[in-house]
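Comments concern the structure below.
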Amino acid sequence: MAGRSQNEPTSSSQTILTREIFEREVVRGDRPPYYLVTGRHEKEFKVRHKTFNLPYNAGRCRVSWENDQWNFEWS
């Protein structure tokens, strides 16, 4: 695979799948993912949002939880 980085998606469907899995992990009801414990993040940084860089060039996502409603902003 000359010219491609190891983390580059092979298709737009792989990018979409990576984003969907990420969103599903964040909003699952049983327990938060280890990388986003909202209460601890709010206490430490005094904000109700966090930005993540997803692997495979799936983009950057700003996750917020204002008014206990999840919001995902992709760039």
Can you pull out the residues in region 23-37 that are surrounded by 10 or more Cβ atoms within 10 Å (Cβ to Cβ), part of a loop (DSSP other than H, G, I, E, B) and out of contact with any strand residue (DSSP E or B) (no Cβ under 7 Å at 6 or more places or on another chain)? Arg28, Pro32, Pro33, Tyr35, Val37
Pairs where the first residue, in region 19-34, is without any contact (Cβ under 8 Å) to a residue 24 or more places away in the chain and the second is hydroxyl-bearing (Ser, Thr, Tyr), C-beta under 7 Å, 6+ apart: Pro32/Thr38
In this structure, is Ala58 modelled with pLDDT under 95, surrounded by 10 or more Cβ atoms within 10 Å (Cβ to Cβ) and out of contact with any strand residue (DSSP E or B) (no Cβ under 7 Å at 6 or more places or on another chain)? yes
In region 61-75, what count of residues is obtained for those that are surrounded by 15 or more Cβ atoms within 10 Å (Cβ to Cβ) and over 11 Å from the mean Cα position of the chain (by Cα)? 1
Would you confirm, using the coordinates I've provided, whether Arg40 is in contact with a Ser or Thr (Cβ under 8 Å, 6 or more places away or on another chain), basic (Lys, Arg), more than 17 Å from Ile16 (Cβ to Cβ) and not in a loop (DSSP other than H, G, I, E, B)? no
Pair list, Cβ < 8 Å and 6+ apart or interchain, from region 57-68 residues that are touching a residue at least 24 places away in the same chain (Cβ under 8 Å) and more than 21 Å from Gln14 (Cβ to Cβ) to residues that are of a type in the set (D, E, K, R) and surrounded by 14 or more Cβ atoms within 10 Å (Cβ to Cβ): Trp65/Arg48
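The values are calculated or read from the model by the stated rules, or taken from the named source; none is laboratory data. Please read all numbers here as calculations on a predicted model, not as lab measurements. Note: ideal-geometry Cβ built from the backbone for every residue, glycine included; neighbour counts use all protein chains shown.
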